[in-house]
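Notes follow once the structure below has been shown.
What follows draws every value from the coordinates through simple rules; no lab data is involved. Because the structure is a prediction, the values reported are computed rather than measured. Positions of Cβ are backbone-derived with ideal geometry, glycine not excepted, and every protein chain shown enters the neighbour counts.
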Amino acid sequence: MENKKATKLIESIVKDLESNQIVTDDVVEMVKQLRPFAVEESLPVVAKTLRLVCEHIEENEVFAIPIPQDEPLTDEETGEDIEPEASEIITGSDSLLYLINLIKKSENPANKAEIREYNRKMEAFAE
């Protein structure tokens, strides 16, 4: 995002998440304030993400979406995908912090792909 106010808001969200280690009402309010900047900058994927984040946190009182895995791990002997251990799945403020940092540089194609993956996971979680 290029708007200076949006950038400042992102930095505030990052700072809050890093210092509190929980997703606070203040963070949700800042995410809501950030969405119009995404709409203004014609970033529909980001605008959708910010809306889904707010809805998800309001419904679940926590950010329960894990950081997307780069690629599934495969058992070398059987060739089957290995599900990550619960301890390897990162959710909550760490996952939201990761997502906000992706949004900060959403013009990067790899970041945009991960943002879309978050969108898919949030939509599936809501079903």
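For the chain, the mean residue ellipticity at 222 nm estimated from helices alone is -21000 deg cm²/dmol, where every DSSP H run of n ≥ 4 contributes -39500 (n - 2.57) and the total is divided by all residues, rounded to the nearest 500. Cross-link pairs exceeding 19 Å between alpha carbons, from the set K48/K104; K8/K121; K4/K105; K5/K32; K5/K112; K8/K32: K8/K121; K5/K112.
Projected onto planes of every orientation and averaged, the convex hull of the alpha-carbon atoms in segment 1-58 covers 3.6 nm². The order of the peptides 60-69, 97-106 by mean Cβ neighbours within 10 Å, most packed first, is 97-106, 60-69.
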